[in-house]
Amino acid sequence: MSIPNLGAFDVISSADLKAAVPFYGAAADTARVKEIKAALLIQYAENDERINALWPAYDAALKASGAQYEMHMYPGTQHGFHNNSTPRYHEASAKLAWERTIAFFKKHLGVQA
């Protein structure tokens, strides 16, 4: 599922949200990063120029704010690599990203297998 950028920041900055996994989405406004409360697992495609151009500033803002996050960039992938209904689908990376997503939620939400 993809949350459109409009309103997505309000979701990840909610005190009620414990963990979030944005897939290849645009970075939050760096001035507001300090408001992020949820642990983040950020999943990016290697060949996604517009999104990846935002990463250095976003990464710096996340570090400066003390946010709990990790980011993975999947080699040889394009924006939408996890969507199996498009030609950009990259099966190996999609499977790895999904495994990481499930493990992340289990860790941060206390979900048992």
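All of the numbers you see were taken from the coordinates with simple rules; none came from a lab. What you see is a predicted model, and the numbers here were worked out from it, not measured in a lab.
Under 1.5 on a/c is rounded, so check that first for the stretch 45-113, then, if it is not, pick prolate when a/b is larger than b/c and oblate when it is not; a ≥ b ≥ c are the square roots of the alpha carbon gyration tensor eigenvalues.
Working: a/c = 3.06, a/b = 1.07, b/c = 2.86.
Verdict is oblate for the stretch 45-113.
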(message) If amide hydrogens are placed 1.01 Å from N in the peptide plane, which non-local residues have theirs closer than 5 Å to the one on E46?
(response) Y74, G76, T77
(message) Taking θ = phi - 60°, what integer Hz values does the Karplus form 6.51 cos²θ - 1.76 cosθ + 1.60 yield along the stretch 35-44, in sequence order, with x for Gly and Pro?
(response) 7, 5, 9, 7, 5, 10, 10, 9, 10, 10
(message) Can you list residues from other chains, or at least 5 along the same chain, whose modelled amide H is less than 5 Å from the amide H of Q68?
(response) L40
